Amino acid sequence: MTISTPTPESGPRPDQRLAKLAMGLTIARFVAAPLAAGLILWGHHVAFTKGAAAMGTLYAAALAVFVLAALSDWADGALARRAGATSPLGAALDHAADKVLTSLVLIALAYAVLPLPLVVAALILIGRDFLIAGLREGLSGAGPAVAVAGKAKAAAAMIGILAVLAEAVAGAFGWRAEALRVLGLISHAGLWTAAALAIMSAVFYLKEAASPKASPGP
């Protein structure tokens, strides 16, 4: 998603407009992360001073921000590929934006609304991302199994987070118990699936790091 200067050997010139839009969407996720987390924490605070409706409104705003950020995760990659402007730096920023978004929102949710079992799942996800971030500094690349597990983990985590936020909004506005139960099941399934995939991909990364083929980066 980073614009690179083409050379005669590098193929067609990237579409600068689409490439800049893709980069803008990636940067927007870095901005959306603290915004969504802040809205969750603000909602938790006003529940004690202004009531459930005010809390629900702020949780709904956080949900909207997170949905838009999650959609941008798909859109920026598609735009960068269409523009012919994909690059290792762009891919790294894309991964970093995903990690910042999910980690900050999970931390806020753990403080505000998550039950203890899902706090454990959130801690697994956040701890895994710190572990992988450190390992990536010493690895030149990762195998297909790591990439697939990591993408599946990210998708499951986003589904779980969306369900948690939707459940918090629904609870604040007095939705029926059946709807709350369904959202609760989705949130538990999503976050625990993500936690299991996080452990699996972390094991893959550790094996990659221990492999004789793994060479330290610069």
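So here's what we get for this one:
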item	result
Efficiency of FRET between Q16 and A177 - r from beta-carbon atoms, R0 45 angstrom, step 0.05	0.30
Stretchable slack from K151 to F48, in nm (0.36 nm times residue separation minus alpha-carbon distance)	33.3 nm
Residue-count net charge about L197 - beta-carbon cut-off 11 Å; Lys, Arg +1, Asp, Glu -1	+3
Pairwise label distance in nanometres, L185 with A75, each label 7 Å out on the Cα-Cβ vector	3.3 nm
Lysines with Cα under 26 Å of K99, excluding same-chain neighbours fewer than 8 positions away	K20, K151, K153, K207
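A short reminder: the numbers here are calculations on the coordinates, not readings from a lab. As the structure is a prediction and not an experimental result, all values here were calculated from the model. So basically every Cβ, Gly included, is an ideal-geometry build from the backbone, and we count neighbours across all protein chains shown.
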